[in-house]
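Undergrad: Got a structure for you, written out below as structure tokens; questions coming shortly.
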Amino acid sequence: MQVAAVQFKATPGDVAGSLRRCRALASQAARGADLVVLPEMAATGYIFEDRAAVAAVAEPAQGPTLDALAPIARAHRCWLVAGFPELDGGDLFNSALVIDPQGVLAWVYRKTLLYEEDLHWATPGGSGYRAFETAGGRFGVGICMDLNDDRFVAWLLEQRLDAIAFPTNWVHSDEVDVWRYWAWRLAGLDAALVAANTWGSGRCSRGQTRFSGRSTVLQRRTILAALPATGDGVIQASLSPPVSGGPGGPPRGEAKE
């Protein structure tokens, strides 16, 4: 199974421009891929002052983000997963589009376990979890904080997945290495984590949030592909048979920045 992740930083206040740049990176990532993953709330960014600011850029599932990305999925015959702020009636969700190789919206996943920056605007998702079949294997979807939800990890353990599509805006920590932490949360799983992150920082009245970048394809404790802490970019990887990194220590193959 060939997978790809897009690392991207949206420009606050320029959703249309950000979506154009996202689309260009997704087109690059899609060449030869079975599955392409873009970040959480990819074209809008993640830090908002209040609910009204999110509502101003939120969209229905059948909206501009789908219109921009569906032709890429169709042209390259791949699955594409991208995060966006979803407006459904009066509710706002932190969601991800799942677009099939025909360019058709197959599903909308809604983030279940909310992070503190979601709490002032987002409704917890109740979509549940689903697995999808690609030409190269099976994948499921989770968004960022979902990886800390034991219910999500338990579902992953029950599935025979090859990949986990993981749109994220994972924050930087000086104490915990992000790759090591993800590997720990996924201990015992054969599926590869296809993590598409943002980078840089965002500021509001609650303070400044710094994102970790370092988007990666991580299979067990092996880094198959990775990006640095800053900068937009694309990675691809061919999923290999599971390799155990053994107890303790960082994931094998950790990229140097």
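The values are calculated or read from the model by the stated rules, or taken from the named source; none is laboratory data. Worth saying up front: this structure is predicted, and the values here are computed from it rather than measured. Every residue, glycine among them, receives a Cβ derived from its backbone with ideal geometry; neighbour counts consider all protein chains shown.
Undergrad: Search the stretch 186-221 for residues being of a type in the set (Ser, Thr, Tyr) and in contact with a helix residue (DSSP H, G or I) (Cβ under 9 Å, 6 or more places away or on another chain), and hand back the single one that is surrounded by the fewest Cβ atoms within 10 Å (Cβ to Cβ).
TA: Looking at residues that are of a type in the set (Ser, Thr, Tyr) and in contact with a helix residue (DSSP H, G or I) (Cβ under 9 Å, 6 or more places away or on another chain), I get SER212.
Quick grid of which residues meet (1) under 30 Å from ALA192 (Cβ atoms); (2) crowded, with 23+ Cβ neighbours inside 10 Å; (3) in contact (Cβ under 8 Å) with a residue 40 or more places away in the chain:
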position: MET41; (1), (2), (3): yes, yes, yes
position: GLY63; (1), (2), (3): yes, no, no
position: GLY89; (1), (2), (3): no, no, no
position: TRP107; (1), (2), (3): yes, no, no
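Undergrad: Among the residues of the stretch 171-185, is there at least one that is part of a strand (DSSP E or B), surrounded by 15 or more Cβ atoms within 10 Å (Cβ to Cβ) and in contact (Cβ under 8 Å) with a residue 24 or more places away in the chain?
TA: Yes, the stretch 171-185 contains at least one residue that is part of a strand (DSSP E or B), surrounded by 15 or more Cβ atoms within 10 Å (Cβ to Cβ) and in contact (Cβ under 8 Å) with a residue 24 or more places away in the chain.
Undergrad: Just one of the numbered conditions (1) in a helix (DSSP H, G or I); (2) within 27 Å of CYS22 (Cα to Cα); (3) among the hydrophobic types (A, V, I, L, M, F, W, C) is not true of PHE211; which one?
TA: Every condition holds for PHE211 apart from (1).
Undergrad: Now a separate question. Checking the condition farther than 26 Å from SER27 by Cα, at pLDDT below 95 and more than 18 Å from the chain's Cα centre (by Cα), which residue from GLY188, GLY136 passes?
TA: GLY188
Undergrad: Looking at the structure I just gave you, is ALA58 touching a Leu at 6+ places or on another chain (Cβ under 6 Å), closer than 30 Å to ARG206 by Cα and of a type in the set (A, V, I, L, M)?
TA: Yes; evaluated as a whole, the condition is true for this residue.
Undergrad: Further question: Could you list all residues from the stretch 159-170 that are within 20 Å of ARG110 (Cβ to Cβ) and free of Cβ contacts under 8 Å to residues at least 40 places away in the same chain?
TA: Those that are within 20 Å of ARG110 (Cβ to Cβ) and free of Cβ contacts under 8 Å to residues at least 40 places away in the same chain: GLN159, LEU161, ILE164.
Undergrad: Give the residue, chosen from VAL153, VAL217, VAL194, VAL176, that is of a type in the set (A, V, I, L, M, F, W, C) and at pLDDT below 95.
TA: VAL176
Undergrad: Here's something else I'd like to know. Checking GLY32 against (1) surrounded by fewer than 24 Cβ atoms within 10 Å (Cβ to Cβ); (2) closer than 20 Å to ARG214 by Cα, only one condition comes out false. Which one?
TA: In the conditions (1) surrounded by fewer than 24 Cβ atoms within 10 Å (Cβ to Cβ); (2) closer than 20 Å to ARG214 by Cα, GLY32 misses (2) alone.
Undergrad: Pairs, please: C-beta under 7 Å, at least 6 apart or cross-chain, first residue farther than 9 Å from ALA192 by Cα and in the stretch 218-230, second among the aromatic types (Phe, Trp, Tyr) and not in a loop (DSSP other than H, G, I, E, B)?
TA: ILE223/TRP179; ALA229/TRP199; THR230/TRP199
Undergrad: Based on this model, can you work out whether LEU119 counts as more than 16 Å from SER215 (Cα to Cα), free of Cβ contacts under 8 Å to residues at least 12 places away in the same chain, in a loop (DSSP other than H, G, I, E, B) and of a type in the set (A, V, I, L, M, F, W, C)?
TA: Yes, satisfied.
Undergrad: Right, something else. In the list ALA70, ALA52, which residue meets the criterion of being over 23 Å from ARG23 (Cα atoms) and in a helix (DSSP H, G or I)?
TA: Selected residue: ALA52, the only one of ALA70, ALA52 that is over 23 Å from ARG23 (Cα atoms) and in a helix (DSSP H, G or I).
Undergrad: Is it fair to say ASP88 is over 17 Å from the mean Cα position of the chain (by Cα) and modelled with pLDDT of 95 or more?
TA: It is true that ASP88 is over 17 Å from the mean Cα position of the chain (by Cα) and modelled with pLDDT of 95 or more.
Undergrad: How many residues does the stretch 186-208 contain that are more than 30 Å from ALA52 (Cα to Cα) and assigned to a strand (DSSP E or B)?
TA: Summing the residues that are more than 30 Å from ALA52 (Cα to Cα) and assigned to a strand (DSSP E or B) in the stretch 186-208 gives 3.
Undergrad: Go through LEU80, LEU156, LEU113 for me and flag whichever is farther than 29 Å from PHE48 by Cβ, touching a residue at least 12 places away in the same chain (Cβ under 8 Å) and either part of a loop (DSSP other than H, G, I, E, B) or not hydroxyl-bearing (Ser, Thr, Tyr) (or both).
TA: Going through LEU80, LEU156, LEU113 in turn, just one is farther than 29 Å from PHE48 by Cβ, touching a residue at least 12 places away in the same chain (Cβ under 8 Å) and either part of a loop (DSSP other than H, G, I, E, B) or not hydroxyl-bearing (Ser, Thr, Tyr) (or both): LEU156.
Undergrad: Can you confirm whether ASP67 is more than 17 Å from the chain's Cα centre (by Cα), closer than 25 Å to GLY126 by Cβ and not hydroxyl-bearing (Ser, Thr, Tyr)?
TA: no
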